[in-house]
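Read through the structure below, which is laid out as structure tokens, and then see the notes.
The values are calculated or read from the model by the stated rules, or taken from the named source; none is laboratory data. Source: prediction; values computed, not measured. Every residue, glycine as well, gets a Cβ built from its backbone with ideal geometry; the counts of neighbours run over all protein chains shown.
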Amino acid sequence: MAVQAPSRGARDATPLRSRRRILSALSAGHLVMIVAGLSGILLTLAFLRSADRRVEVAVAALDLHAGTAVDGGDVRYERVRMDGDLLDTVLQRDDVADLDGAVATETIRAGELISRTDVRSAAARSGLRAVSIPIEPARAVNGDLRPGDRVDVLLAAEQQVAIVVAGAEVLDVSDPDARGALGDVNEQFTVTLAVDATEAQLLAAAITDGDILIARATGADSAEGTPPLPVDFVERGTGV
């Protein structure tokens, strides 16, 4: 009896179905393994992140000498394990962004942590100095001064009246109202001005003499170069 050989189409179909079953089985297995592997990686990363409690702190990128201005370019960051009260003593990234011309109070070597006490805000802009004047409100436009105002400081001496400092910027003002309703009308408050070295000397001399007055000059023409006025001229002008 003759055996009929399977047709070519039947021969081709059988291996194809077998290959499909094998590929299907392999694909499902591989997929399970891939998903399991990815899940393991994600869990591992999550664990590492939770375990890594390091924070970025500021480190001097170069030697910073006492008295020099410090900005973002002078700082790099290191991740360290630090928390609690110790972390509050050093500068972090947000603190460096707020330095705005702060000055190193002592020399900081490259690679050293920068503590909060290592830097201090500048006394005034443009390298000026901050000088405070104790004065009665009645001699300082009744205390109506605000930071940013411009003022002239006048000195009334025995022989003349002079503008010792012209157009100084007000940095700070203590609140005259803090004296309270029962406060002495002659009680002093404090005005802090930005001045150069010579103006600081003149203010010190004027404060020592004691007979000073502050004029609010915000928006006014500069009084720079105004000559002193003899006291007898003032007396003649008033008919005294």
- Query: Can you name the condition, by its number, that Thr105 falls short on among (1) in contact (Cβ under 8 Å) with a residue 40 or more places away in the chain; (2) touching a helix residue (DSSP H, G or I) at 6+ places or on another chain (Cβ under 9 Å)?
  - Reply: (1)
- Could you pull out the residue among Asp95, Asp175, Asp88, Asp149 that is buried (at least 16 other Cβ atoms within 10 Å of the Cβ) and over 21 Å from Gly219 (Cα atoms)? Asp95
- Task: Starting from region 183-203, take each residue that is over 19 Å from Leu128 (Cα atoms) and list its partners that are at pLDDT below 90, counting only C-beta distances under 7 angstrom and pairs at least six apart or across chains.
- Result: Glu187/Arg179; Phe189/Ser174; Phe189/Pro176
- Which of the residues that make up region 119-136 are in a loop (DSSP other than H, G, I, E, B), surrounded by 15 or more Cβ atoms within 10 Å (Cβ to Cβ) and modelled with pLDDT of 80 or more? Leu128, Glu136
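Can you work out which of the residues in region 67-87 that are part of a strand (DSSP E or B) and free of Cβ contacts under 8 Å to residues at least 40 places away in the same chain is nearest to the chain's Cα centre (by Cα)? Reasoning before the result, please.
The initial filter retains those residues of region 67-87 that are part of a strand (DSSP E or B), namely 69, 75-80.
Those still in the list that are free of Cβ contacts under 8 Å to residues at least 40 places away in the same chain too: 75-80.
Numbers: Val75: 14, Arg76: 16, Tyr77: 17, Glu78: 20, Arg79: 21, Val80: 23 Å.
Top of the filtered list is Val75.
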- Note on the structure: Checked pairs for region 149-166, first in contact (Cβ under 8 Å) with a residue 12 or more places away in the chain and closer than 10 Å to Leu229 by Cα, second in a strand (DSSP E or B) and of a type outside the set (A, V, I, L, M, F, W, C), C-beta under 7 Å and 6 or more apart or across chains, list as Gln159/Pro230; Gln160/Pro230; Ile163/Asp152
